[in-house]
Structure formats: structure tokens, C-alpha cells
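The values are calculated or read from the model by the stated rules, or taken from the named source; none is laboratory data. What you are looking at is a predicted structure, and each value in this text was computed from that prediction instead of being measured. Methodologically, a virtual Cβ is constructed for each residue, glycine included, from the backbone with ideal geometry; neighbour enumeration extends over all protein chains shown.
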């Protein structure tokens with residue numbers, strides 16, 4: 001039971017990171033769909049997915065920071081920092097985007113339906129892809145947190 005708990009703690013980043021990616025991508029897709037066909041329900045869905053996805057990105061960033069500690073004194077530290085930099089930047093980007101949309105909604109004009117918002121969220125999607133690619137490289141090229149494969153984990 002203790003081993004399962006320890007493994008779960010080690011895997012928190014891998015467990016949490018996929019939800020914000022999916023939620024933010026679907027939010028962006030819903031925003032694009034709003035330009036094609038206006039819908040109050042789709043507008044609220046896009047907003048809710050953005051909000052929850054951004055919250056999830058914050059959680060994924062924190063769990064990623066925790067997951068990186070065992071590699072602090074290894075030769076992989078520099079490679080991990082590239083992913084960490086992209087991820088922190090993308091998380092900050094979506095925090096600002098969520099704040100902008102929140103303020104616009106409070107004023108009665110949801111920015112999520114504007115062409116500028118679409119451009120900005122699509123830029124966020126590019127950052128999200130780059131963050132995901134660098135994270136995927138860590139797993140598939142370097143075996144980060146892959147038990148039984150990575151000798152740095154000592155298991």
C-alpha cells in the first residue's frame with residue numbers, strides 16, 4: 001500500500017497534466033465554433049473549460065515542479081528546465097487570458113467571441129503544443145519517471 005502511495009505521488013504530474021491540455025484545447029475549439037455559430041451555451045462552455053483548464057494548468061505546474069526534484073542534481077536538469085520554462089510561460093499566459101475574459105464578462109461583453117481573442121487563444125495553443133512536446137521528449141527520449149527504464153530513479 002505504501003508503494004502504491006509513493007508511486008501515485010511520483011506520478012501526480014503525469015496524472016494531472018492531460019486534463020488541462022484537453023480542456024484548454026476544447027475551450028479554444030468552442031471559441032472558434034462561436035465565430036461560426038453564436039450560442040449562449042457554447043459561450044458558457046468555452047468560458048467554463050477555459051477556467052477549469054487554467055486551474056488544472058496551475059495544478060500541473062505545481063506537480064511538475066515537485067516531479068522535477070529527483071532530477072535536480074542530474075545531467076537531465078537542463079533538459080527538464082526547458083520544459084519547465086515553456087510550461088510556466090503557458091500557464092501564466094492562460095492565467096492572463098482567463099483574467100482578461102473574466103473582466104470582459106463582468107463588463108457584459110465576453111471577449112471570448114472576438115477575433116482578437118481567437119488569435120490570442122490560438123497563440124496559447126502553440127505554446128501548449130510546445131510545452132507538451134518538450135514534456136513528451138522528457139518521457140520518450142529520456143525516460144523521465146518511467147520506472148524500470150530510467151536508472152536515475154533507483155528503482
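Taking the condition more than 23 Å from residue 37 (Cβ to Cβ) and out of contact with any strand residue (DSSP E or B) (no Cβ under 9 Å at 6 or more places or on another chain), does residue 91 pass?
Working: more than 23 Å from residue 37 (Cβ to Cβ): yes; out of contact with any strand residue (DSSP E or B) (no Cβ under 9 Å at 6 or more places or on another chain): yes.
Considered against the rule, which asks whether it is more than 23 Å from residue 37 (Cβ to Cβ) and out of contact with any strand residue (DSSP E or B) (no Cβ under 9 Å at 6 or more places or on another chain), residue 91 comes out as yes.
Within the stretch 60-80, which residues are part of a helix (DSSP H, G or I), over 15 Å from residue 128 (Cβ atoms) and touching a helix residue (DSSP H, G or I) at 6+ places or on another chain (Cβ under 8 Å)? Result: 63, 65, 66, 67, 68, 70, 71, 77, 79, 80.
Given the residues 138, 122, which is the only one that is in contact (Cβ under 8 Å) with a residue 40 or more places away in the chain, in a helix (DSSP H, G or I) and surrounded by fewer than 14 Cβ atoms within 10 Å (Cβ to Cβ)? Explain how you work it out, then say what you get.
Values: 138 fails: surrounded by fewer than 14 Cβ atoms within 10 Å (Cβ to Cβ).
Testing whether each residue is in contact (Cβ under 8 Å) with a residue 40 or more places away in the chain, in a helix (DSSP H, G or I) and surrounded by fewer than 14 Cβ atoms within 10 Å (Cβ to Cβ) leaves just 122.
Residue count for the stretch 81-112, restricted to those that are part of a helix (DSSP H, G or I), in contact (Cβ under 8 Å) with a residue 40 or more places away in the chain and crowded, with 18+ Cβ neighbours inside 10 Å: 9. Within the stretch 123-149, no residue satisfies the criterion of being farther than 19 Å from residue 85 by Cα and modelled with pLDDT of 90 or more.
Candidates in the stretch 26-59 are the residues that are touching a residue at least 60 places away in the same chain (Cβ under 8 Å) and loosely packed, with under 15 Cβ neighbours inside 10 Å; of these, the one that is nearest to the chain's Cα centre (by Cα) is 32.
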